[in-house]
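Written below as structure tokens is the structure these notes are about.
Readers should treat all values here as calculations from the given coordinates under stated rules, not as data from a laboratory. Computed from a prediction, not measured in an experiment: that's the story for all the values here. Here the Cβ positions follow ideal geometry from the backbone for every residue, glycine too, while neighbour counts run over all protein chains shown.
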Ligand SMILES: Cc1ncc(C[n+]2csc(CCOP(=O)(O)OP(=O)(O)O)c2C)c(N)n1
């Protein structure tokens, strides 16, 4: 019988020798620095997907500020020790936004920034959709939409059971909320009064076949979450200070889960990608990359 | 006839014991804890029991998240709902990342009986064996069930155990020690080998005893670890007895028969016959009536052995 060696399989309990020495990531960045970082992340996204020749720019660009606020201002994490037991967890449920997560992880120091250019190549650690077995800092193998909230709930319940104080963040797409499993998880999270879990919906209004309201209406969206027992916070998903305030407000909520509905623009930051369904899952060509990078200079 | 003991009760009790030994063991169920017998654990360790309601996909995701956080989750419901109802969740949340989740399902096969097609899990083994990294066990009796649950807890990685609804006659004594990935020779014989799983192991033994009266000596293997399958035992049986019959409470396609045939064809081609459900759905009825109607009795095994022998050169 051949046993697969799965170093990360035992879960999050850190066994790495570096655990004690690894630094907790500094969260001292100013808003201006984070805004500059957001721009840089957008450039990475365009360059990576352009080089790969395939990928999902629209939904990566819309969530840039959300991840910037989390990784640079809110989450307790150690890039040199991705399995640190006390880390806050970020779970990317909309796995097609992997380029964004990779860019953030690289900028935090989980792996070299140069590696970003290997996206989607054979033998790269940066798979087309996230793979928790090979990419440092990736918590979940995603790509099949609808599964992340359940996974995050499991992580949150395990943390509570162990008396750990880490927080769990999970990013969903609005289109992803068409999936029934999302609502199964929403029901369960409030049933278990989980308050170490914050869901963020990247509410860019679009999915693949068009606008949410035409494909499968989600309205009244906030009321749905409320009816499922969640505290809802609505926020401008491109304002870093407002996002930070929303996350801090979420941390104070006790006895129920919180969803932050972040109002965003799909393709944000690149004029010809904004609100353009053609750039949901299509890579920019060489000229488009050049054009986009100029806008993001 | 040997004493009949509930495999589900054996599971419930084994879980309870595990819960006492290991505080990382958590249990999830989807509104069937009284049937799967996870209720024993729930009563003793309510803080480590997670009722998920009738939401199997979510249960799989929660279990995966818990495993990723160092817990050893056992998730249970009927075999027809896991993996069937949530195949993609089992695939992406458990199998691909190789997470340490134990899926223990009950009411597998036709022997669920009167509830009918919607509750008869006849594809689960095919589905679950198709997933890379899963270890799959179908115990033959209550004693092996207890052993299988211990083996699941001791093993790091995705695990599936399929149990049935009825009580099963004991084919083992208390001294039985299960070895993961090893078929057990239940009876020696040189004319043909019957390889069986689950409740078909007892039928295989009965068939072998009947055939012996006709001068046909069958070896009987219990292939309780379906994956990774014991290739050595199959190859040896093929080489020494030159005819093989498989017997399972599952569709012919993708289960024990397919897995054994792959090994036989690759390493030691010999005539084979398959006792299994033939590409059809079954109906309501008593378990014994259904096993008879769909060709899963000792008589069917005897016929299959004779067919295989006839093809032997
Ligand atoms: C279960 C599942 N069905 C279909 C797809 C194909 N798919 C990839 S992205 C997408 C649209 C997602 O829309 P949304 O969640 O709103 O993401 P965003 O617009 O933010 O990119 C679809 C249908 C998938 N990945 N998973």
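So the values come out like this:
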| read-out | value |
| --- | --- |
| Relative packing of peptides A:39-46, B:110-117, B:62-69, B:28-35 - highest average C-beta neighbours within 10 Å first | B:62-69, A:39-46, B:28-35, B:110-117 |
| Sorted by Cβ neighbour density within 10 Å, fewest at the top, the residues A:27, B:221 | A:27, B:221 |
| Pairwise centroid distance, computed over Cα atoms, of segment B:245-313 with segment B:4-34, Å | 31 Å |
| Ranked packing of A:80-89, A:208-217, most packed first, by mean Cβ within 10 Å | A:80-89, A:208-217 |
| FRET efficiency, residue B:293 to residue B:4 (Cβ-Cβ, R0 25 Å, nearest 0.05) | 0.70 |
| Percent RCO, i.e. relative contact order, over chain A, from Cα pairs under 8 Å lying at least 6 residues apart | 22 percent |
| Spin-label pair residue A:285/residue B:35, simplified geometry with 7 Å Cα→Cβ offset, distance in nm | 5.7 nm |
| In Å, descending, principal axis extents of the Cα set of segment B:184-312 | 41, 34, 25 |
| Relative contact order computed over segment A:152-205 (Cα-Cα under 8 Å; 6+ residues apart), in percent | 51 percent |
| Residue A:245 paired with residue A:226, simple spin-label distance in nm, labels 7 Å along Cα-to-beta-carbon | 2.0 nm |
| On Cα atoms only, tilt of B:56-67 relative to the major axis of chain B in degrees | 80 degrees |
| Taking segment A:170-264 and dividing mean pair separation by its residue count, relative contact order in percent (alpha carbons under 8 Å, at least six apart) | 38 percent |
| Residue A:236-residue A:23 pseudo-label distance in nm [points 7 Å out on the Cα-to-Cβ vector] | 3.3 nm |
| Antiparallel DSSP beta bridges within the protein assembly as shown, percent to nearest 5 | 15 percent |
| Cβ neighbours within 10 Å from other chains - mean over B:49-57 | 5 |
| Mean-position separation - Cα centroids, segment B:99-153 and segment B:65-88, in angstrom | 12 Å |
| Beta bridges by DSSP in segment B:4-169, antiparallel share as percent, to the nearest 5 | 10 percent |
| Cα long-axis angle, helix B:142-154 against chain B (0 to 90 degrees, to the nearest 10) | 50 degrees |
| Exposure proxy ranking, count of Cβ atoms within 10 Å, fewest first, for B:273, A:234 | A:234, B:273 |
| Cα long-axis angle, helix B:7-21 against chain B (0 to 90 degrees, to the nearest 10) | 50 degrees |
| Radius of gyration, Dmax [chain A; alpha carbons; angstrom] | 18.2, 56 |
| Model label zone, residue B:44; criterion: amide N under 14 Å from point 7 Å along Cα-to-beta-carbon; scope segment B:1-31 | B:9-27 |
| Pairwise FRET efficiency - residue B:210 versus residue A:214, Cβ, R0 = 56 Å, nearest 0.05 | 0.25 |
| Diffusion coefficient, µm² s⁻¹, Stokes-Einstein with Kirkwood Rh over alpha-carbon pairs of segment B:113-226 at 25 °C and 0.890 mPa s | 161 µm²/s |
| Projected-area mean, the protein assembly as shown, by convex hull of Cα positions, square nanometres | 28.8 nm² |
| Residue order, fewest to most beta carbons within 10 Å, for B:9, B:123 | B:9, B:123 |
